[in-house]
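Have a look at the structure below before the remarks.
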Amino acid sequence: MAIAAKSLPKHFPVYYGWIIVLTVALANFSQTAATHPVLSVLLGPITTEFGWTRTMFTAGITLGTLAGAVAAIFVGRVIDKLGGRWILTVALFVLGLTFVLLAFVQTLWQFYVLQITGRMLAMGVVALVLQVTVPKWFVKKRGIAVALAGLGGMIGNTVTPLYVQWVISMADWRVAAFVAGIVVWVISVLPVAFFMRRRPEDMGLLPDGALPGTPATRDSGKTPSGEENSLTLAQAARVPAFYLLGAAFTLLFLVGPGMTFHLLPYLEGKGLTPSQGVWVLALWSVSGALGALVAGAATSQLGARRALSGAFLFMALGLGFLMLVNSFPAGLVWAVYMGMLIGGIFNTLYQVILADYFGRESLGRINGAIWPVEMLTNAAGPLVAAMVFDSVGNYYPVFTFFAIVLVGCAALTFLAKPPSRAAVASTTP
């Protein structure tokens, strides 16, 4: 197997890391079927057919996200040791199967079984593997590589809700769920099985396609020898930035999913039709693709810490803007503004800053330590918003709270200085 792996790069005219970027982009596209924008499209027709409340619908997704938090604890170690190729292949296949079977659901417990399974795999396995993979293949070009891989998710968040809504309008939500499952299988399962690899060294390569003796480094986390620092989880846990960034991202995952999951119902409550709401969501996702690229470029100019702090503040303003939206044109303007920010944060800056600060070698373990806590707030955000809506009949209190939380995220990130050489040295056992 080792010989086959090292001979594979000879068949490609470009650095194999870019094949990894394309493979991750395809997987990112597929896994959007289990993300909040698509589930938000399904919320209305499913709750209408069965007479469920939004809280009942959201509870299954919440439980699945919590299960994903537990799974992530073990998945991070597997990624660092063995890579994510086969675990990701199996996870994507089963994820597609949950959507195919969703088409035949008749009871709440059946819905919960499928949602818990699908969300556990999407958030506890697929998302974690995809976040860790590309940063292991790049150092100098990490920002742009992560941004390009994230385009798959942004395109998926644009296309998937549109085709799901279109199939619902042409047939019903059951056919739409079945089609979404088939798309997951067709787009990503085989590419991941054939092309995914753990890291460049396993194939006789170096990060960025560098030649032996040529340092491939970024400014942050660079040792005197010119090589990128790679901290173990135990070493990272002794650095203040680990906790500051962990807290910021944990709070972010309260806000992002809580807002996104309820976006379509909120816009409908403001007078937009379901079709107009989906187009707002689609433009939001397209803008996220541009935001991911802008963020990738910004990291080389401002540094990931400053770029991320500023993005948090502008995102807080975006929530205030959202509460003023009362027409389709205003929704489109908001979609461009907020989409760029969310795309830049979730699809680029989040992954880049952790890899820049802590290096490549233990990135799976480090992400796996933070991810379960983030999944707790990921699960709580949509449920809290649903409970607030069911209690007071609108989303204004929870959106205001989310904006305040984002200001806190900006402060935490700004305080998270990169580990200095002295700090890194002091963490060595």
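Being within 21 Å of V132 (Cβ to Cβ), modelled with pLDDT of 90 or more and among the polar types (S, T, N, Q) is a property that T377 lacks.
Okay, residues lined up against (1) touching a residue at least 24 places away in the same chain (Cβ under 8 Å); (2) more than 25 Å from A247 (Cα to Cα):
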| site | (1), (2) |
| --- | --- |
| V286 | yes, yes |
| R305 | yes, no |
| G318 | no, no |
| N326 | yes, yes |
| L332 | yes, yes |
| M340 | yes, no |
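Of the residues in the range 121-140, at least one is surrounded by fewer than 22 Cβ atoms within 10 Å (Cβ to Cβ) and under 23 Å from M203 (Cα atoms). Every condition in (1) in contact with a Ser or Thr (Cβ under 6 Å, 6 or more places away or on another chain); (2) surrounded by fewer than 18 Cβ atoms within 10 Å (Cβ to Cβ) is met by F253 except one, and the failing one is (2). Which residues, taken from the range 153-195, are among the hydroxyl-bearing types (S, T, Y) and either farther than 23 Å from V286 by Cβ or within 19 Å of the chain's Cα centre (by Cα) (or both)? Matches in the range 153-195: T158, T160, S188. Evaluate the range 320-330: report whether one residue or more is buried (at least 19 other Cβ atoms within 10 Å of the Cβ) and modelled with pLDDT of 85 or more. Yes, some residue in the range 320-330 is buried (at least 19 other Cβ atoms within 10 Å of the Cβ) and modelled with pLDDT of 85 or more.
At least 1 residues being basic (K, R) is the threshold, and among the helices (runs of 4 or more DSSP H) wholly inside the range 301-394 those reaching it are 304-322, 363-392.
Answer yes or no: is there a residue in the range 52-60 that is in contact (Cβ under 8 Å) with a residue 60 or more places away in the chain and part of a loop (DSSP other than H, G, I, E, B). The answer is yes, given that some residue of the range 52-60 is in contact (Cβ under 8 Å) with a residue 60 or more places away in the chain and part of a loop (DSSP other than H, G, I, E, B). Within the set Q115, Q31, Q106, Q110, the sole residue that is out of contact with any Asp or Glu (no Cβ under 6 Å at 6 or more places or on another chain), assigned to a loop (DSSP other than H, G, I, E, B) and polar (S, T, N, Q) turns out to be Q106.
The values are calculated or read from the model by the stated rules, or taken from the named source; none is laboratory data. Just so it is clear, the structure is predicted and the values come from calculations on it, not from any experiment. Counting neighbours? That spans all protein chains shown, and the Cβs are built from the backbone with ideal geometry, glycine included.
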